[in-house]
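*Asks:* I have a structure I would like to understand better, so I am pasting it below and will then ask my questions one at a time.
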Amino acid sequence: MNIQWIKGKTDNCYIVSQGKDAILVDTASGEVYEQVLTECSKYNMRLIVLTHVHFDHAENAYRLSEHFGIPVAYHAADENLFESFENQPMKSYGIVGKVVLSASLKVLRETVVKKPENVICIKEGDDLSSYGIDAKIIELPGHTAGSIGVDVGGTDLIVGDALDNWIFPAKGHLYTNMDSINSSAEKIRSLGPRKIYYGHGKPTERK
């Protein structure tokens, strides 16, 4: 199994592959569509998984789904974010969080994520082996109500924005529910050693 890190401007997405079969976790923002398309075209793409429905993770989902003829999976609790970011207003903590939220808020409010035609709702424990990948879905609410992660082979964890690594690894600095994001950070710790792949920042090893 292989995880390929695709770096956007400030956001990340990941191709998880097993042989030629692959899924894409998050899609980055529209400005890097061609870069993501080029990398995905090297594989037999089977599925797109969104860790949550914010533009910097989901803006390319519609176009990539149409291009490859594959479904897009996300948690039902994020459905209302296709209508408006304001349906789940964001808060922040700490200096890093305040800076990131201030820099992001205008584009978050103004960018509408187009809902794909071919969608699947996913939940805790869903197995992705039918798409050729040894991975399971883990629910990590707090950043958004429907935030999820992808636990790959029990050794690697793609966490979306439940954690971030803007400067140092930490629980997500932006949140809709502080209790939930605290619980999700603890849930990740309870899984034991994992290589962590963030929505923002470079991956790290957690012993």
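*Asks:* Filter the trypsin sites (Lys or Arg not before Pro) in the range 1-41 down to the DSSP loop ones having no more than 14 other Cβ atoms within 10 Å, then list what survives.
*Replies:* Hits after loop and neighbour filter: Lys9, Lys20.
*Asks:* What three numbers, in Å, describe the spread of the alpha carbons of the range 78-121 along their principal axes, ordered from the longest?
*Replies:* Extents along the principal axes, in whole Å: 39, 20, 14.
*Asks:* Taking 8 Å as the Cα distance limit and 6 or more residues as the minimum spacing, I'd like the relative contact order of the chain as a percentage.
*Replies:* That works out to 18 percent.
*Asks:* Past 24 Å, Cα to Cα, is the threshold; run Lys9/Lys123; Lys114/Lys195; Lys7/Lys171 against it and keep the listed order.
*Replies:* As for pairs spanning more than 24 Å Cα to Cα, those are Lys9/Lys123; Lys114/Lys195.
*Asks:* What would the Debye formula give as log10 I(q)/I(0) at q = 0.17 Å⁻¹ for the alpha-carbon point model of the range 1-118, no solvent?
*Replies:* Summing over Cα pairs of the range 1-118 leads to -0.82.
*Asks:* Along Cα→Cβ, 7 Å out, is where each label goes; now give me the distance between the ones at Asn118 and Thr155 in nm to one decimal.
*Replies:* Result for the modelled spin labels: 3.1 nm.
*Asks:* For the chain, what does -39500 (n - 2.57) per DSSP helix run (n ≥ 4), summed and divided by total residues, give at 222 nm, in deg cm²/dmol to the nearest 500?
*Replies:* Only helices count here, giving -7000 deg cm²/dmol.
*Asks:* Another question, if that's okay. When the convex hull of the Cα atoms of the range 133-207 is projected onto a plane and the area is averaged over all directions, what value comes out in nm²?
*Replies:* Average of the hull's projected areas for the range 133-207 equals 4.4 nm².
*Asks:* May I ask you to compute the full-extension gain from Ala103 to Asp179, defined as 0.36 nm times their residue separation minus their alpha-carbon distance, rounded to one decimal in nm?
*Replies:* Difference between extended and current length: 24.9 nm.
*Asks:* For volume of the Cα convex hull per residue in Å³, several values are listed as (i) 111; (ii) 100; (iii) 122; flag the one computed from this structure.
*Replies:* (ii)
*Asks:* Compute the distance in nm between two label points, each set 7 Å from the Cα along the Cα-to-Cβ direction, one at Glu39 and one at Ile167.
*Replies:* Going by the 7 Å Cα→Cβ label model, 2.6 nm.
*Asks:* In addition: Note down the nm distance, to one decimal, between modelled labels 7 Å out along Cα→Cβ at Leu191 and at His67.
*Replies:* If labels sit at Leu191 and His67, their model points lie 2.7 nm apart.
*Asks:* Additional query: Over the chain, what is the percentage of antiparallel beta bridges among all DSSP beta bridges, to the nearest 5?
*Replies:* Antiparallel bridges: around 65 percent, rounded to the nearest 5.
Each value in this text was obtained by applying a stated rule to the coordinates, not by laboratory testing. Please read these numbers as outputs of a predicted model, since none were measured by experiment. Note that we place each Cβ from the backbone using ideal geometry, even for glycine, and neighbour counts take in every protein chain shown.
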